[in-house]
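Novice: Dropping the structure in here first, questions after.
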Amino acid sequence: MPDPDAERADLPLFPLGTVLFPGMPLPLHLFEERYRKLLRDHRQADPIFGVVLTRQGVEVGDEPETHAIGTGATLLGAGHYPDGRTDIVVRGTRRFRIITSDWSRGYLMGRVEWLDDPIGEPEAAATAAAELSRRYAAYLTAFREATGVELPDEDLDLDPAPLAYAIAARLALNTWEQQRLLAAETVGSRLGALNVIIRRESRLLHETGAGGAIPERPGGRFTAN
């Protein structure tokens with residue numbers, strides 16, 4: 001019988017007003033003492049912490065409530081200031097679900113359950129991925145023509161799972177919509193939701209000349225805690 005604890009871990013959690021998707025980079029500026037302590041306590045761990053979207057409360061000086069599903073983060077690099085502040089860059093790894101959590105260490109700790117990312121129906125997912133890739137390329141072309149903004153060409157992984165996360169990260173969606181995509185039960189359902197979103201954004205682009213969601217480069221700017 002499988003051990004239910006085998007896929008569970010104790011993980012420090014970093015509440016943010018940002019969703020981190022697996023495979024995507026995220027720069028962070030750490031200035032609060034609790035997160036500087038978190039970095040000192042767990043710097044050698046991998047993942048170093050989990051990123052969770054705040055549900056209620058604020059990131060700084062509060063103990064915010066968070067959504068239950070987040071993403072583990074691997075530390076890629078860190079730069080330190082003389083006053084103790086630190087810039088770090090992390091990359092999203094696996095998704096998790098919080099089972100229990102508390103602030104007894106001064107920062108949020110959680111008992112988490114690591115989540116698989118099942119494909120769903122493979123043929124349907126492959127078809128949805130191919131459709132999303134075409135629609136996203138067409139959206140970028142239309143965006144350049146409508147705004148005159150030159151966006152860099154990128155070779156995205158066409159495998160359904162990383163493609164879905166990459167495009168979800170590049171569309172500047174509301175955080176609740178990003179969280180819904182992160183929490184999707186299968187890769188296929190995530191791709192289906194993204195195809196609905198990209199059709200909506202393409203329609204807005206044609207109607208307004210600017211669109212709703214402006215494409216971004218993940219990891220392009222630091223997020224302050």
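Novice: With a point put 7 Å past each Cα toward its Cβ, work out how far residue 18 is from residue 156 in nm, to one decimal.
Specialist: Result for the modelled spin labels: 2.0 nm.
Novice: Using the crude model of +1 on Lys and Arg Cβ and -1 on Asp and Glu Cβ, and no other charge, please compute the dipole size for the chain relative to its Cα centre, in debye to 20.
Specialist: Values: 25 positive and 33 negative charges, 81 e Å.
Rounded to the nearest 20 debye, it is 380 debye.
Novice: While we're on this one: For the peptides 10-22, 169-181, 147-159, what is the packing order when you average, over each peptide's residues, the other Cβ atoms within 10 Å and list the highest mean first? Please report the intermediate quantities before stating the final value.
Specialist: Values: 10-22: 21.1, 169-181: 17.4, 147-159: 10.5.
The most tightly packed comes first, giving 10-22, 169-181, 147-159.
Novice: Could you pull out the chymotrypsin sites (Phe, Trp or Tyr not before Pro) across the range 31-113 that fall in loop regions by DSSP (anything but H, G, I, E, B) with no more than 13 other Cβ atoms inside 10 Å?
Specialist: Values: sites: 31, 35, 49, 96, 103, 107; in loops: 31, 103, 107.
Those satisfying the criteria are 103.
Novice: Any chance you could give the angle, 0 to 90 degrees and rounded to 10, that helix 33-42 forms with the longest Cα principal axis of the chain?
Specialist: On a 0 to 90 degree scale, this one is about 90.
Novice: Determine the shape class of the range 93-225: with a ≥ b ≥ c the square roots of the Cα gyration tensor eigenvalues, call it rounded for a/c under 1.5, and otherwise prolate if a/b is greater than b/c, oblate otherwise. List each step's numbers first, then the result.
Specialist: Details: a/c = 2.38, a/b = 1.47, b/c = 1.62.
In terms of gyration-tensor shape, oblate.
Novice: To the nearest 10 degrees, how steep is helix 160-170 against the longest Cα principal axis of the chain, on a 0 to 90 scale?
Specialist: 90 degrees
Novice: Mind pulling the angle between the C-alpha long axis of helix 122-147 and the longest principal axis of the chain? Nearest 10 degrees, somewhere in 0 to 90.
Specialist: That works out to roughly 80 degrees.
Novice: Can I ask one more? Quick one: Debye curve from the C-alpha atoms of the chain, no solvent, what's log10 I(q)/I(0) at q = 0.08, 0.12, 0.14, 0.18 Å⁻¹?
Specialist: Relative scattering, expressed as log10 I(q)/I(0), comes to -0.31, -0.69, -0.91, -1.30.
Novice: For residue 37 paired with residue 81, estimate the spin-label separation in nm (one decimal), with each label point 7 Å from Cα along the Cα-to-Cβ line.
Specialist: Using points 7 Å along Cα→Cβ, the separation is 2.0 nm.
Novice: Here's another thing I want to ask about it. Arranged by the count of other C-beta atoms within 10 angstrom, fewest first, what order do 81, 165 take? Walk me through the numbers on the way to the answer.
Specialist: Details: 81 11, 165 27.
Lowest to highest Cβ neighbour count: 81, 165.
Novice: Can you give the alpha-carbon Rg of the range 1-121 over 2.2 N^0.38 Å, where N counts its residues? Write out the running numbers ahead of the final one.
Specialist: Values: Rg = 14.4 Å, N = 121, 2.2 N^0.38 = 13.6 Å.
Against the compact-globule rule of thumb, the ratio is 1.05.
Novice: Quote the Stokes-Einstein diffusion coefficient, in whole µm² s⁻¹, for the range 57-157, based on the Kirkwood radius over alpha carbon pairs, a temperature of 37 °C and a viscosity of 0.692 mPa s. List each step's numbers first, then the result.
Specialist: Values: Rh = 18.3 Å.
After rounding, the answer is 180 µm²/s.
Novice: To continue, here is another question. For the range 80-97, in order, what is each residue's ³J(HN,Hα) by Karplus, 6.51 cos²θ - 1.76 cosθ + 1.60 with θ = phi - 60°, in whole Hz (x at glycine and Pro)?
Specialist: 10, 9, x, 8, x, 5, 9, 9, 10, 10, 10, 10, x, 10, 8, 7, 9, 10
Novice: Here's another thing I want to ask about it. Obtain the nm distance between the two label points defined at residue 185 and residue 208 by a simple spin-label model: each point lies 7 Å from its Cα along the Cα-to-C-beta direction.
Specialist: 3.3 nm
Novice: Nearest 500 deg cm²/dmol is fine: what mean residue ellipticity at 222 nm does the chain get from its DSSP H runs of n ≥ 4 alone, each adding -39,500 (n - 2.57), divided by its residue count? Please report the intermediate quantities before stating the final value.
Specialist: On the way: 5 runs with 77 residues, N = 225.
Only helices count here, giving -11500 deg cm²/dmol.
Any read-out appearing in this document is the output of simple, stated calculations on the displayed coordinates, not a laboratory observation. Because the structure is a prediction, the values reported are computed rather than measured. Cβ atoms come from the backbone with ideal geometry, glycine included; neighbour counts cover every protein chain shown.
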